[in-house]
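Below is one structure, written out as structure tokens, with a few remarks after it.
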Amino acid sequence: MALHGSILQGSDSMEGSIEWMTPKEVFDPLHAEFGFQLDACASPGMERVPRYFSPAQDGLQQSWASQADVIWCNPPYGRQLKLWVEKCYEESCKGATVVMLIFAVTDTKFWHEYCMKAKEIRLVEGRIQFVNADGRKGPATKASAVIVFDGVQWDKPAFSSWGFK
Ligand SMILES: C[S@@+](CC[C@H](N)C(=O)[O-])C[C@H]1O[C@@H](n2cnc3c(N)ncnc32)[C@H](O)[C@@H]1O
């Protein structure tokens, strides 16, 4: 899927694809900490845990919290990004812990509307190198953040610095 026209639709080096996987060095420590039971958006071969929603199932249309307590979400970038952020927040309000990896786009409406209600925001030190299906790496051209939604509407998220190297 070609992505054009918005800063949120990927970065130059990642343009042209939504199929960029979370690298192992980022995912593994988070999985060790949280123990994910469901990958909310993935495609066959790109899933981070065995249970996942694919585009055919459309993760946005599924109920997450009724199927898992702890959920991973590295959303597809594109026009629907804000819907994924909203979905992560809303599923956490149904009782799940949802951990999301997104660009740290702190000037967006969705950041203020949803991310600022998270329990934690971990600002990633350094640029993540995302991986495509061929194993090729593509550097993000923006900073990333790990958002931890836990269903409580926090007044002030706890901010921390998070290094993955
Ligand atoms: C940034 S990748 C993340 C892949 C993997 N979950 C990870 O963390 O490495 C986003 C994935 O979401 C998938 N996707 C796109 N639209 C989707 C939808 N409506 N429902 C579920 N998955 C979707 C894409 O095919 C892609 O594999």
- With respect to the numbered conditions (1) farther than 26 Å from ALA133 by Cα; (2) at pLDDT below 95, which one is the sole condition not fulfilled by TRP111? (2)
- Query: Mind checking which residues of segment 109-130 are farther than 17 Å from TRP84 by Cβ and either among the hydrophobic types (A, V, I, L, M, F, W, C) or surrounded by 16 or more Cβ atoms within 10 Å (Cβ to Cβ) (or both)?
  - Reply: LYS119, GLU120, ARG122, LEU123, VAL124, ILE128
- A careful count of residues in segment 76-85 that are closer than 26 Å to PHE164 by Cα, more than 6 Å from the ligand (Cβ to nearest atom) and not hydrophobic (A, V, I, L, M, F, W, C) gives 3
- Query: Has segment 131-139 got any residue that is more than 17 Å from ALA40 (Cα to Cα) and crowded, with 16+ Cβ neighbours inside 10 Å?
  - Reply: yes
- Item | Qualifying residue in segment 52-59 (condition: at pLDDT 95 or above, touching a Gly at 6+ places or on another chain (Cβ under 6 Å), of a type in the set (Phe, Trp, Tyr) and farther than 18 Å from CYS115 by Cα) | yes
- Note on the structure: Here the residues within segment 41-75 that are among the charged types (D, E, K, R), near the ligand (Cβ under 6 Å from one of its atoms) and farther than 22 Å from SER144 by Cβ are ASP58
- Pairs where the first residue, in segment 113-129, is more than 12 Å from VAL148 (Cβ to Cβ) and the second is in a strand (DSSP E or B) and hydroxyl-bearing (Ser, Thr, Tyr), C-beta under 6 Å, 6+ apart: LEU123/SER161; VAL124/SER144; GLU125/SER161; ILE128/SER144
- Message: Suppose we filter segment 22-40 for residues that are within 12 Å of the ligand (Cβ to nearest atom), surrounded by 16 or more Cβ atoms within 10 Å (Cβ to Cβ) and assigned to a loop (DSSP other than H, G, I, E, B); how many remain?
- Response: 3
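The values are calculated or read from the model by the stated rules, or taken from the named source; none is laboratory data. From a predicted model like this one, the values you see are computed outputs, not experimental measurements. When we count neighbours, we look across all protein chains shown, and the Cβ atoms used for this are built from the backbone with ideal geometry, even at glycine.
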